[in-house]
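Visitor: Once you've had a glance at the structure underneath, I'll fire off some questions.
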Amino acid sequence: MSHVSMTVNGKQMSGDAEGRTLLSQFLRETLGLTGTHVGCDTSQCGACVVHVDGVAVKSCTMLAMEADGADISTIEGQAAEDGTLNALQQAFQDHHGLQCGFCTPGMIMSAADLLKNNPTPTEAEVRHHLEGNICRCTGYHNIVKAIMAASGQDVSSIAAE
Amino acid sequence: MPKDHGIGASPKRREDVRFLSGTGNYTDDINVNGQAYVHFLRSDVAHGRIKTINTDAASAMPGVLKIFTGADFEGVGGIPCGWQVTDRHGEPMQEPAHPVLAQGKVRYVGDQIAAVVAETVEQARDAAEAIEVDLEELPAVVDMKAALADGATKVHDDLTSNLCYDWGFVEENKPAVDAAFEAAAHVTTLELRNNRLVANPMEPRVAIGDFNRGTGDSTLYTTSQNPHVIRLLMGAFVLGIPEHKLRVVAPDVGGGFGTKIFHYAEEAFCTFAAKALNRAVKWTSTRSEAFISDAHGRDHVTKIELALDADNNFTAIRTDTHANMGAYLSTFAPSVPTWLHGTLMAGNYKTPLIYVNVKAVFTNTVPVDAYRGAGRPEATYQLERVIDKAARELGVDPIALRRQNFITEFPYATPVAVEYDTGDYHGTMDALEKIADFSGFEARRKDSEARGKLRGLGVNCYIEACGIAPSNLVGQLGARAGLYESATVRVNATGGLVVMTGSHSHGQGHETSFPQVIAEMIGIDESMVEIEHGDTDKAPMGMGTYGSRSLAVGGSAMVRATEKIIAKTKKIAAHLLEAAEADIELKDGTFSVAGTDKSVAWGDVTLAAYVPHNYPLEDIEPGLEETAFYDPANFTYPSGAYACEVEVDPETGKVTIEAFSAADDFGNVVNPMIVDGQVHGGIGQGIGQALLENAAYDENGQLLSASYMDYAMPRASDVPYYNVDHSSQTPCTHNPLGVKGCGEAGAIGSPPAVVNAVVDALQSGGHKVDHVDMPVSPSRVWAAMNA
Ligand code: FES
Ligand code: FES
């Protein structure tokens, strides 16, 4: 066991981790931040995406110890202090971009990363960017639409909500 | 103008706020004080006899509390099967024992040999590796037809063979069906496989058992679509715990798609071990475990024949299906290839004679049970593929051939025991033709060809039976449960309502759509209504969510309970207004006396019910809470017409979906946004089945596609935007909302459209290909083109 400290959503947090403890596990079990989800054990599903020092990372691919001293941002830190959803979260609600909600934290964190680097992506770029995020519920239609809308593009011509 | 309130409106989903901000409450987010963790040691061979299990070294490892094996479960019940099928000869199906932990034999890769409970999950996992199992490996039974051959190795030694049942439907019709084939002008025959799938809800299964010695109460937190069903099956048949001592909680559940209906051994184990150890015991499945322990879906091998007369009218259908049950009978497994499949073989067509034969087979593979659509996708796929093939053989337009044979008069009694109450198949096809731009197809094909690609258009129809189901009917068909639904409507003193429903939401958005119905009935704002579900201590006995039944059955129960509330509030209002009850009207949340300006608000009446100072106590009780159980009179029959356009790269065989259109008739629609989303998701899964997904076993019973590296889940770039429409609406005639259910339609209707389109594309390129099995992978398409 060793002691690991990190800044999570702007707050200093720390806890003990084994050498094999994954960042996803550390966030969920040690820090109690259960918004980050674990949907696979082969780093394929993207439910666990968080930002580490400003970069989107699948938190199941990183050891907690490797994140010692890092600046982490998770789904819990996306809304404003008073709970108001940010523009991307709001677009997901407006366009029904989630159903069961399990893939959603990873989708939001991954999409936020896309929009940071590519503020007005094409549909194809959005779909390509989501290659590492699996959703079983939505058929992706409304997720792609929500991300396009969050980027300020007109989605009114896209069929149905 | 779209409505902004009540039935037909699309308010934003209230559950989204917690899911979008990371504050959902999924089962794995729950931790019970002092919980221990279990790791299951699973068989890595498909079939073997357990000679000895030595747990001595493992038991001594750090943190280990106890290691359980099959011996600990002698005298404990097995996992029950909830449906009994009777075969062609009147005999009951063969039903093997299904122990919680393997006893004597392991029967599939993933079967639980032992369970290690330890202080941490890592300790449990480490100790499991130290268990020594002496196993005599036996030949694995994998292929269904080989499993039925004389002298085949038996999966269950105490059964007479690997045949679970040989079902004929309708058996008495067989001679007439055979005669119709003799007399046919044309017969089209097709052999196909409905590929085996893994449901893969993104949330893996989780179970936490807890026991309170002080009260003797057990609690199970589990990722279930139907917590009451789990309470009944596990309590009554496995562990012998009466309902009042057992609480089952299924909180936020991250998708189900059928595979979270069933009662699983891990749930029984955690509940049992919690009592044995006096510690809460938690199990969280890894995805790798999910692939080899969640019930799989589909896996039918079918030969279908369609007989037509000289005018191209369908005269008879005959099918021969082998359906894989896997190694044990999962909860509803026997019903899927029979009553959820055979009864749908008429499809949208007035074929007068139908005979369906299904042989259900035990193999050394993971149990197979319902997956989104359950039996209906299998029926639709074979029927819509054989019709397409017939159209090509006869040189007629596939849409015209379908239209010619559509059922047009309702109610319509099919030759396969169900009666469609309502539908308009020309209407949905008309709607499809509008949204899919068929007239522009030739130009699009030319454009594809100019780029060296082949383009195909595939169309099909579907019908499904959902809103499952009338209890007396399913009882006759072998169900060991009723299929009603329940709701308790509790009105609080200040007028807000809480609905406790037996339906369960795992993505469907009931917390948003159910209040829309009540808001419409009473004329109040939806924000005054809260939905509680997923906890057997709160909601009355319910049957849960599957078979697109929540609104049709659960919503109907809620309507009935609300009607009782309204009737009672009208009595109270009549008293307060000193008027006759018959003259009281409720509109926009206000009770008024017809023809006068006297009125009293909803909140004043509800307050009077709890502060009954001026109240007709001699006639009615105080309080405002009503329960209703609703048992439907029939199934509901949603239907639709789907179209898919594909491009095939003749160099590689790669298929891309260029466009997908779906026109559905769901009857009345409460929340169009949610309905569209359900269809999108179903289409995504259907495209996954058609193009990508396959649970493949090798001849030794090893699952080859056992992770997301090998099992191809559809990704965002595999699918296009979908064009969906539900403007064609023929309301269900027998439930109070006129709703039919929309959860499975997309998964039922889409696979044949994709494969029909691929065949169309290949034929347009001069390839004499009349079928490619799903998934239509590049290698299969390329092989078909170059055969
Ligand atoms: S849990 Fe990290 S990618 Fe699946
Ligand atoms: S919303 Fe359920 S997995 Fe994406």
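Visitor: Here is a list of conditions, (1) in a strand (DSSP E or B); (2) closer than 30 Å to B:Glu378 by Cβ, and B:Pro204 meets all of them except one; can you say which number that is?
Guide: (1)
Visitor: Follow-up. Are any residues in the stretch B:72-93 surrounded by fewer than 20 Cβ atoms within 10 Å (Cβ to Cβ), under 25 Å from the mean Cα position of the chain (by Cα) and part of a loop (DSSP other than H, G, I, E, B), and if so, which ones?
Guide: Answer for the stretch B:72-93, where residues must be surrounded by fewer than 20 Cβ atoms within 10 Å (Cβ to Cβ), under 25 Å from the mean Cα position of the chain (by Cα) and part of a loop (DSSP other than H, G, I, E, B): B:Gly78, B:Pro80, B:Gln84.
Visitor: Another question about this same structure. So if I check each of B:Val106, B:Val198, B:Val121, which one is aliphatic (A, V, I, L, M), over 27 Å from the mean Cα position of the chain (by Cα) and under 30 Å from A:Thr21 (Cβ atoms)?
Guide: Sole residue among the options that is aliphatic (A, V, I, L, M), over 27 Å from the mean Cα position of the chain (by Cα) and under 30 Å from A:Thr21 (Cβ atoms): B:Val121.
Visitor: I would also like to ask the following. Can you tell me which residue is nearest to B:Gly22 (Cα to Cα) among those in the stretch A:35-71 that are among the hydroxyl-bearing types (Ser, Thr, Tyr) and away from ligand 2 (no atom under 16 Å from the Cβ)?
Guide: Once the filter is applied, the top-ranked residue is A:Ser59.
Visitor: Residue by residue through the stretch A:98-129, note down the ones that are surrounded by 20 or more Cβ atoms within 10 Å (Cβ to Cβ) and either without any contact (Cβ under 8 Å) to a residue 24 or more places away in the chain or not hydrophobic (A, V, I, L, M, F, W, C) (or both).
Guide: Within the stretch A:98-129, A:Gln99, A:Gly101, A:Thr104, A:Pro105, A:Gly106, A:Ser110, A:Pro121, A:Val126, A:Arg127, A:His129 qualify.
Visitor: In the stretch B:295-312, is there at least one residue being within 16 Å of ligand 2 (Cβ to nearest atom) and in contact (Cβ under 8 Å) with a residue 12 or more places away in the chain?
Guide: No, there is no match, as no residue in the stretch B:295-312 is within 16 Å of ligand 2 (Cβ to nearest atom) and in contact (Cβ under 8 Å) with a residue 12 or more places away in the chain.
Visitor: Ok, one more. Hey, any hits in the stretch B:748-770 for a residue that's in a loop (DSSP other than H, G, I, E, B) and hydrophobic (A, V, I, L, M, F, W, C)?
Guide: Yes, the stretch B:748-770 contains at least one residue that is in a loop (DSSP other than H, G, I, E, B) and hydrophobic (A, V, I, L, M, F, W, C).
Visitor: While we're on this one: Considering only residues that are more than 14 Å from ligand 1 (Cβ to nearest atom) and in a loop (DSSP other than H, G, I, E, B), which ones fall in the stretch A:22-55?
Guide: Of everything in the stretch A:22-55, those that are more than 14 Å from ligand 1 (Cβ to nearest atom) and in a loop (DSSP other than H, G, I, E, B) turn out to be A:Leu31, A:Gly32, A:Leu33, A:Asp53, A:Gly54.
Visitor: Which pairs do you get when a residue that is on the phi > 0 side of the Ramachandran plot, found in the stretch B:180-200, comes within reach of a residue that is among the hydrophobic types (A, V, I, L, M, F, W, C), reach meaning Cβ atoms under 9 angstrom, with the pair 6+ apart or on two chains?
Guide: Close Cβ pairs satisfying both conditions: B:Asn200/A:Ile134; B:Asn200/B:Phe257; B:Asn200/B:Ala290; B:Asn200/B:Phe291; B:Asn200/B:Met713.
Visitor: Which pairs do you get when a residue that is more than 8 Å from chain B (Cβ to nearest Cβ) and free of Cβ contacts under 8 Å to residues at least 24 places away in the same chain, found in the stretch A:38-65, comes within reach of a residue that is near ligand 1 (Cβ under 7 Å from one of its atoms) and part of a strand (DSSP E or B), reach meaning Cβ atoms under 6 angstrom, with the pair 6+ apart or on two chains?
Guide: Taking only residues 6 or more apart or on different chains, the pairs are A:Ser43/A:Lys58.
Visitor: Are any residues in the stretch B:245-262 crowded, with 24+ Cβ neighbours inside 10 Å and either more than 16 Å from ligand 1 (Cβ to nearest atom) or among the polar types (S, T, N, Q) (or both), and if so, which ones? Walk me through how you get there before you give the answer.
Guide: Filtering the stretch B:245-262 down to residues crowded, with 24+ Cβ neighbours inside 10 Å leaves B:248, B:250, B:253-262.
Across the stretch B:245-262, the qualifying residues are B:Val248, B:Ala250, B:Val253, B:Gly256, B:Phe257, B:Gly258, B:Thr259, B:Lys260, B:Ile261, B:Phe262.
Visitor: For the stretch A:130-146, does any single residue satisfy the condition of being in contact (Cβ under 8 Å) with a residue 24 or more places away in the chain, among the hydrophobic types (A, V, I, L, M, F, W, C) and more than 8 Å from chain B (Cβ to nearest Cβ)?
Guide: yes
Visitor: Please go through the stretch B:708-744 and pick out each residue that is within 14 Å of chain A (Cβ to nearest Cβ), touching an Asp or Glu at 6+ places or on another chain (Cβ under 8 Å) and part of a loop (DSSP other than H, G, I, E, B). If you could, list the steps in order and put the result at the bottom.
Guide: Narrowing the stretch B:708-744 to residues within 14 Å of chain A (Cβ to nearest Cβ): B:708-727, B:742-744.
Add one more test, that the residue is touching an Asp or Glu at 6+ places or on another chain (Cβ under 8 Å), and what stays is B:711-717, B:720-721, B:724-726, B:742, B:744.
Listed by number, the residues that qualify are B:Tyr711, B:Ala712, B:Met713, B:Pro714, B:Arg715, B:Pro720, B:Tyr721, B:His726, B:Cys742, B:Glu744.
Visitor: Give the residue, chosen from B:Ala176, B:Ala183, B:Ala236, that is at pLDDT below 95 and either away from ligand 2 (no atom under 16 Å from the Cβ) or assigned by TED's automatic domain parsing to the domain that holds B:Ala695 (or both).
Guide: Working: B:Ala176 fails: at pLDDT below 95; B:Ala183 fails: at pLDDT below 95.
From the options B:Ala176, B:Ala183, B:Ala236, the qualifying one is B:Ala236.
Visitor: Among the candidates B:Pro650, B:Pro616, single out the residue that is of a type outside the set (Phe, Trp, Tyr) and either assigned by TED's automatic domain parsing to the domain that holds B:Lys564 or touching an Asp or Glu at 6+ places or on another chain (Cβ under 9 Å) (or both).
Guide: One residue alone meets the criteria, B:Pro616.
Visitor: Just to check your reading of the model, which residue among B:Ile292, B:Ile241, B:Ile317, B:Ile304 is away from ligand 1 (no atom under 16 Å from the Cβ), within 14 Å of chain A (Cβ to nearest Cβ) and farther than 30 Å from B:Glu15 by Cβ?
Guide: It is B:Ile292.
Visitor: I want to confirm something. Restricting to the stretch A:1-21 and keeping residues that are within 12 Å of chain B (Cβ to nearest Cβ) and part of a loop (DSSP other than H, G, I, E, B), which single residue is nearest to the chain's Cα centre (by Cα)?
Guide: Out of the qualifying residues, it is A:Asn9.
Visitor: Quick check on A:Pro119: is it outside the structural domain of A:Lys58 (by TED's automatic domain parsing) and outside any helix (DSSP H, G or I)?
Guide: yes
Visitor: State all residues of the stretch B:500-527 that are in contact with a Lys or Arg (Cβ under 6 Å, 6 or more places away or on another chain), within 14 Å of B:Ala487 (Cα to Cα) and within 14 Å of chain A (Cβ to nearest Cβ); if no residue qualifies, say none.
Guide: B:Glu511
Visitor: Next question. Please verify whether the stretch B:35-48 includes one or more residues that are in the same structural domain as B:Leu220 (by TED's automatic domain parsing), in a loop (DSSP other than H, G, I, E, B) and over 13 Å from B:Ile113 (Cα atoms).
Guide: Scanning the stretch B:35-48, I find at least one residue that is in the same structural domain as B:Leu220 (by TED's automatic domain parsing), in a loop (DSSP other than H, G, I, E, B) and over 13 Å from B:Ile113 (Cα atoms), so the answer is yes.
Visitor: Now for a different question. Just name the residue that is nearest to ligand 2 (Cβ to nearest atom) out of those in the stretch A:72-87 that are within 9 Å of another protein chain (Cβ to nearest Cβ) and in a helix (DSSP H, G or I).
Guide: Here the answer is A:Ile75.
Visitor: Test B:Val170 against the stated conditions and say whether it is under 25 Å from B:Gly373 (Cα atoms), more than 16 Å from ligand 2 (Cβ to nearest atom) and in contact with a helix residue (DSSP H, G or I) (Cβ under 9 Å, 6 or more places away or on another chain).
Guide: yes
Visitor: Can you tell me how many residues within the stretch A:95-140 are of a type in the set (Ser, Thr, Tyr) and closer than 20 Å to B:Gln508 by Cα?
Guide: Of the residues in that region, 3 qualify.
Visitor: On to the next question. Being within 7 Å of chain B (Cβ to nearest Cβ) and more than 15 Å from A:Ile75 (Cα to Cα) is the filter; apply it to the stretch A:93-125 and report the residue that is farthest from ligand 2 (Cβ to nearest atom).
Guide: It comes out as A:Asp94.
Visitor: Could you grab the pairs with beta carbons closer than 8 Å, sequence gap of 6+ or different chains, first residue in the stretch B:17-38 and more than 9 Å from chain A (Cβ to nearest Cβ), second one surrounded by fewer than 17 Cβ atoms within 10 Å (Cβ to Cβ) and charged (D, E, K, R)?
Guide: Note: pairs meeting the criteria are B:Ala36/B:Glu119; B:Tyr37/B:Glu119.
Visitor: Out of the stretch B:674-705, which residues are in contact with a Pro (Cβ under 8 Å, 6 or more places away or on another chain) and facing another protein chain (nearest Cβ under 10 Å)?
Guide: Matches in the stretch B:674-705: B:Gly684, B:Gln685, B:Gly686, B:Ile687, B:Gly688.
Visitor: Got a sec? Which strands (runs of 3 or more DSSP E) wholly within the stretch B:581-693 have at least 2 residues that are hydroxyl-bearing (Ser, Thr, Tyr)?
Guide: B:590-593, B:625-630, B:639-648, B:655-665
The values are calculated or read from the model by the stated rules, or taken from the named source; none is laboratory data. A quick note: this is a predicted structure, and the numbers were derived from the prediction, not measured. Don't worry about glycine lacking a Cβ; one is built from the backbone with ideal geometry, like all the others, and counts go over all protein chains shown.
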